[in-house]
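The values are calculated or read from the model by the stated rules, or taken from the named source; none is laboratory data. Computed from a predicted model, the values in this text were never measured in an experiment. Cβ placement follows ideal geometry from the backbone for every residue including glycine, while neighbour counts extend to all protein chains displayed.
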Amino acid sequence: MCAMPESSPADMLSAFQEIACRSLSRYDFSSKAKIAELSYSENITYLVEDIEIGRRAVLRVSRPGYHTRAELDAEALWVQSIRQDSVITVPLPIKGRTGTSFKR
């Protein structure tokens, strides 16, 4: 498990925002895409708006060591199952340039 170094909440938010900004290049967003924080709890989520290509998405950045890859894969399957087998509308994970939804 990867431990987060001791730092202030402002430093943590800044680090997460940097990770989020860098991760956009791994998905099909233009260099003009903007992010805005939506929620900070177990994970931090950002609204991604790319006016150049007309795309909006939510990006989730997980704390290091909080979820295993197997847990993230299981969550993605669960979301797909909800979408396919119920009347609830849920967004599906977006695959990145490498064909996977999750990046390290």
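Residue by residue through the range 42-56, note down the ones that are at pLDDT below 90 and part of a strand (DSSP E or B).
Asn43
Looking at the range 53-69, I want the residues that are closer than 23 Å to Ser31 by Cα and have a partner that is assigned to a loop (DSSP other than H, G, I, E, B) and modelled with pLDDT of 90 or more with Cβ atoms under 7 Å, at least 6 apart or on another chain. Which pairs are those?
Close Cβ pairs (under 7 Å, with a partner that is assigned to a loop (DSSP other than H, G, I, E, B) and modelled with pLDDT of 90 or more) amount to Ile53/Ser30; Arg55/Phe29.
When the residues of the range 57-70 are filtered to those that are basic (Lys, Arg) and within 15 Å of Ala20 (Cβ to Cβ), which remaining residue is modelled with the lowest pLDDT?
Step by step, filter the range 57-70, then rank; the result is Arg63.
Collect the residues in the range 49-75 that are among the hydrophobic types (A, V, I, L, M, F, W, C) and closer than 19 Å to Ser39 by Cβ, keeping them in residue-number order.
Ala57, Val58, Leu59, Val61, Leu72
Suppose we keep only residues that are small (Gly, Ala, Ser) and modelled with pLDDT of 90 or more within the range 71-100. Which one would you say is farthest from Tyr40 (Cα to Cα)?
Looking at the filtered set, the residue picked out is Ser86.
Give the number of residues within the range 83-94 that are in a loop (DSSP other than H, G, I, E, B) and free of Cβ contacts under 8 Å to residues at least 40 places away in the same chain.
Of the residues in the range 83-94, 8 are in a loop (DSSP other than H, G, I, E, B) and free of Cβ contacts under 8 Å to residues at least 40 places away in the same chain.
Would you check if there is a residue in the range 28-41 being of a type in the set (S, T, N, Q), assigned to a strand (DSSP E or B) and loosely packed, with under 13 Cβ neighbours inside 10 Å?
Within the range 28-41, one or more residues are of a type in the set (S, T, N, Q), assigned to a strand (DSSP E or B) and loosely packed, with under 13 Cβ neighbours inside 10 Å.
Looking only at the range 57-82, which residues are exposed (fewer than 13 other Cβ atoms within 10 Å of the Cβ), assigned to a helix (DSSP H, G or I) and either under 15 Å from the mean Cα position of the chain (by Cα) or of a type in the set (Asp, Glu) (or both)?
Arg69, Glu71 - these are the residues of the range 57-82 that are exposed (fewer than 13 other Cβ atoms within 10 Å of the Cβ), assigned to a helix (DSSP H, G or I) and either under 15 Å from the mean Cα position of the chain (by Cα) or of a type in the set (Asp, Glu) (or both).
Does Arg22 fit the bill of being without any contact (Cβ under 8 Å) to a residue 12 or more places away in the chain, part of a helix (DSSP H, G or I) and among the basic types (Lys, Arg)?
Yes: the conditions hold for Arg22.
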